[in-house]
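Q: Submitted below is the structure of interest, expressed as structure tokens.
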Amino acid sequence: MPDIKMKKEWWLSIRLIHWSVVISVFTLLISGFYIATPITFGSGATPDKFYMGNIRSIHTFFGAFLTFLMLWRAYLGLFAKFHARWTDLLAWTDLDNLITQIRFYLLLSEKKPSHRYQYGPLQALAYNGLIFLQIMIILTGLIMVGANIHAGLSLWLGNFLKPVEIAMGGLAGVRMIHHIIAWGFILFIMVHVYMAVWIDIVYKEGTISSMISGRVFRKAE
Amino acid sequence: MNRDFKKRDRELEERISRDYQRMVKECDLHLDLMERELPPPIEPLVEQLESSGISRRSFMKWSAATTAALMLPPIFKSRVARAAEQFGRVPVVWLHFAECTGCSEALLRTSYPNIDDLILETLSLEYHETLMAAAGYQAEENLEKALHDFPGKFICVIEGALPTGLNGKYLTLGAKGRTGMEIAREVTSKAAAVICIGSCSSFGNVQAAKPNPTDAKGISDALGIQTVNIPGCPPNPINFIGTILHYLMFGALPPLDSLGRPIWAYGKRIHDYCERRPHYDAGEFVEEWGDSGAQKGWCLYKMGCKGPYTYANCAKVRFNDGVSWPIMGGHGCMGCVEPNFWDTMAPLEKPIAEKTFGGGEKTVDDIGKILAGVTAAGIATHGTVSYIKRHNQKDFAKPEDEV
Ligand code: HEM
Ligand code: HEM
Ligand code: SF4
Ligand code: SF4
């Protein structure tokens, strides 16, 4: 028997953030696509119904929640005492390792990429992309919230982001960009979940359960 | 505690009434100044109203409505009326560039003139290409005379975009064949203020829509100057009249938003003042022209209404003496007051998500589905190959102890 050790990979707050992000993103996708192409709820009297209103409230709530989660993760990336450093996002700059991983993923080679970083190089690239998507969808989302709620913080943010709104071609352009990025999330999730399953099977380190328990099973080096 | 609030309330009230009094004083002073300095209107408004059989009472009602539209307190009602009577004192040079003259038509020509129209009738047009009798060199002389007689005093109203391609050669005007760019640069440099009427002069409109072969631009973009923009295709006359009234009353143009539009008219979103909004929030949408939802006045979002992206007061002041406005009439808003609306608001009778890209028939959702399909196929292939490899080469990708 080789010496297999449990290694703490993800601290509690990272796991909490991850699964909160999953719940938020799925809710945002469903409510968002309803807002884009709504279905008519025909029966009943108008004053008794508030379907679109409620769905927009849910979308805005989870949008604000996602913004909060992103800020929290960024804070951890900068200041956390445990392992959550933003420098992990630069794992792809180790080009040798990047090529090793590409060859390994394309099933061309059996050499695994190094475990030196929290993320694999491709994973780091994908998360860089995801962070860009998140920033853009939050920015466009906040502009639209600013147009919807004319009070307090959202009003201030809306005014503050006005130049961005105009550069994007007004609210219509903002909304179009928001919609396009929503598809970026769908593609990310497809690849991300598949890779999590694949790595779970191939590495046998318990990758998927690690996002729940926080621990991977890793052979002593 | 309670007393504190009362005290604060009283202080606030006092401050507001002080501010109002100051505004009223400034307004009266400025109206006096205007009456002293500018020539009286050629066709006084009172006579115009009388000859059209419009009573003083209707005129006072109009003043009250306009005061409210301008977001001024009721104390200004009589001042708005007075300013409207002085409307004809402001010398105006009206230029036409790349446009259809629809704005002039909408503003100046109606079969049943209402008060807005009559006020516009009194406008002291020193130069207006469509309306003036002069032609050729004589017309050019009129323009030069106006610039000479009222330097820095006249208001330059511009209708139409400026084609900037080929050094402006796509648009040449008049007997001397000068380009629109040259004329605009000369006249605007001598004007007290430049008011762009309609979406063409404000933002370029259809001439500037993709692919924009003449490189047409709105005046402010083309010349790099600050203009007051009254967009709309055509704009509501009251937004133009109100802006001039503000100028007459306070000697300054009204506060503008970051696109140069007066905030009193373009500060609120159509969607937030729309009478169909309760149906939007309820989830009741017209699905097809003339369906039962349309008969019940449901929301036009799915028929392409762009009210959610559009800032204008159409829902509040409406058109033609407040009779109706597009959404009340049963068609969605097209967003005609926003920059580049032909491109950003397309398709006009479908929600924005149905916009097609690259000249093809594909919407974002179609493209997204194709990409998702390709991704799924890639995943399936990768998964299958991994599975086969794993079975053929016993040792592939397994921890070494199992080899
Ligand atoms: C993964 C994250 C998100 C997804 C997938 C998503 C998806 C969508 C979609 C598909 C739409 C409809 C766009 C259209 O009409 O074409 C939408 C609208 C909207 N989203 Fe998001 N969104 C996300 C995050 C956010 C965030 C973070 C915010 C705000 C902070 C936000 C605020 C809004 C608002 C205000 C609207 C317009 C709704 C309205 O008022 O009519 N969204 N979203
Ligand atoms: C049901 C769906 C999901 C599963 C099963 C899943 C699983 C995982 C696993 C196992 C990891 C650890 C990866 C590794 O170290 O190899 C991970 C990390 C991560 N996942 Fe997911 N994930 C899911 C959905 C999502 C979604 C929807 C998003 C975002 C939109 C997301 C964003 C991330 C991020 C950013 C990390 C890096 C963690 C960090 O350092 O903050 N995941 N996920
Ligand atoms: S008709 Fe247009 S402006 Fe009115 S509620 Fe519906 S989407 Fe909004
Ligand atoms: S309702 Fe919309 S399209 Fe119609 S005039 Fe007003 S802003 Fe323009």
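Q: Yes or no: segment A:32-52 includes at least one residue that is surrounded by 18 or more Cβ atoms within 10 Å (Cβ to Cβ), farther than 16 Å from B:Phe285 by Cα and within 14 Å of chain B (Cβ to nearest Cβ).
A: Within segment A:32-52, one or more residues are surrounded by 18 or more Cβ atoms within 10 Å (Cβ to Cβ), farther than 16 Å from B:Phe285 by Cα and within 14 Å of chain B (Cβ to nearest Cβ).
Q: Quick check on my filter: what residues within segment B:222-234 are closer than 15 Å to B:Asp257 by Cβ, more than 8 Å from ligand 4 (Cβ to nearest atom) and more than 14 Å from chain A (Cβ to nearest Cβ)?
A: If the condition is that a residue be closer than 15 Å to B:Asp257 by Cβ, more than 8 Å from ligand 4 (Cβ to nearest atom) and more than 14 Å from chain A (Cβ to nearest Cβ), then B:Gln226, B:Thr227, B:Val228, B:Ile230 are the ones that fit.
Q: Quick check: is even one residue across segment B:315-329 hydroxyl-bearing (Ser, Thr, Tyr) and within 16 Å of ligand 1 (Cβ to nearest atom)?
A: Going residue by residue through segment B:315-329, those that are hydroxyl-bearing (Ser, Thr, Tyr) are B:324.
Remaining after also requiring within 16 Å of ligand 1 (Cβ to nearest atom): none.
Taking every residue of segment B:315-329 in turn, none turns out to be hydroxyl-bearing (Ser, Thr, Tyr) and within 16 Å of ligand 1 (Cβ to nearest atom).
Q: Could you count how many residues in segment A:212-221 are outside any strand (DSSP E or B) and either polar (S, T, N, Q) or open to solvent by 30 Å² or more (accessible area, probe 1.4 Å) (or both)?
A: 4
Q: Look through segment B:293-303, keep the residues that are within 18 Å of A:Ala172 (Cα to Cα) and either within 11 Å of ligand 4 (Cβ to nearest atom) or open to solvent by 40 Å² or more (accessible area, probe 1.4 Å) (or both), and return whichever of them is nearest to the other protein chains (Cβ to nearest Cβ).
A: Selected residue: B:Lys302.
Q: While we're on this one: Report, ordered by the first and then the second residue, all pairs with beta carbons closer than 8 Å, sequence separation of six or more or different chains, a first member in segment B:51-63 that is at negative phi, and a second member that is open to solvent by 70 Å² or more (accessible area, probe 1.4 Å) and not in a loop (DSSP other than H, G, I, E, B).
A: Qualifying pairs under 8 Å: B:Met60/B:Lys77; B:Ser63/B:Lys77.
Q: While we're looking at this one, here's another question. Considering every residue within segment B:341-362, establish whether at least one is touching a Lys or Arg at 6+ places or on another chain (Cβ under 9 Å), small (Gly, Ala, Ser), under 19 Å from B:Tyr280 (Cβ atoms) and at pLDDT 95 or above.
A: Scanning segment B:341-362 turns up no residue that is touching a Lys or Arg at 6+ places or on another chain (Cβ under 9 Å), small (Gly, Ala, Ser), under 19 Å from B:Tyr280 (Cβ atoms) and at pLDDT 95 or above.
Q: Shifting gears a bit: What number of residues within segment B:334-364 are within 16 Å of ligand 4 (Cβ to nearest atom), open to solvent by 20 Å² or more (accessible area, probe 1.4 Å), not in a helix (DSSP H, G or I) and not charged (D, E, K, R)? Spell out the reasoning first.
A: So the first thing to find is which residues in segment B:334-364 are within 16 Å of ligand 4 (Cβ to nearest atom), and the list is B:334-352.
Subsequent filtering for residues that are open to solvent by 20 Å² or more (accessible area, probe 1.4 Å) retains B:334, B:336, B:339-340, B:342-344, B:346-350.
Pick out the ones that are also not in a helix (DSSP H, G or I) and you get B:334, B:336, B:339-340, B:346-350.
With not charged (D, E, K, R) added as a condition, the list becomes B:334, B:336, B:339-340, B:346-348.
Result for segment B:334-364: 7.
Q: Here is a follow-up. Pairs needed: first member in segment B:310-330, in contact (Cβ under 8 Å) with a residue 60 or more places away in the chain and within 14 Å of chain A (Cβ to nearest Cβ); second member anywhere, within 16 Å of ligand 1 (Cβ to nearest atom) and open to solvent by less than 40 Å² (accessible area, probe 1.4 Å); C-beta distance under 8 Å; at least 6 residues apart or different chains.
A: Close Cβ pairs satisfying both conditions: B:Ala312/B:Ile270.
Q: Continuing with the same structure: List every residue pair whose Cβ atoms lie under 6 Å apart, where the two residues are 6 or more positions apart in sequence or sit on different chains, the first residue falls within segment B:281-306 and is away from ligand 1 (no atom under 16 Å from the Cβ), and the second residue, located anywhere, is aromatic (Phe, Trp, Tyr).
A: Once the first residue is away from ligand 1 (no atom under 16 Å from the Cβ) and sits in segment B:281-306, its partners that are aromatic (Phe, Trp, Tyr) give B:Val286/B:Trp298; B:Trp298/B:Phe285.
Q: Would you mind listing the helices (runs of 4 or more DSSP H) fully within segment A:63-169 where at least 2 residues are open to solvent by 30 Å² or more (accessible area, probe 1.4 Å) and within 30 Å of A:Ile35 (Cβ to Cβ)? Give the derivation first.
A: Working: elements: A:95-105, A:121-148, A:152-160, A:162-167.
Of the helices (runs of 4 or more DSSP H) lying wholly inside segment A:63-169, those with at least 2 residues that are open to solvent by 30 Å² or more (accessible area, probe 1.4 Å) and within 30 Å of A:Ile35 (Cβ to Cβ) span A:121-148, A:152-160, A:162-167.
Q: So how many residues does segment B:288-331 have that are hydrophobic (A, V, I, L, M, F, W, C), closer than 15 Å to B:Gly232 by Cβ and part of a strand (DSSP E or B)?
A: Here the count works out to 1.
The values are calculated or read from the model by the stated rules, or taken from the named source; none is laboratory data. No experiment lies behind these values; they were computed from the predicted model shown. With ideal geometry, Cβ positions are generated from the backbone for all residues, glycine too; neighbour counts draw on all protein chains shown. Quick note on the areas: whole protein, heavy atoms, side chains included, nothing else; ligands and nucleic acids left out. Shrake-Rupley method; radii C 1.70, N 1.55, O 1.52, S 1.80 Å.
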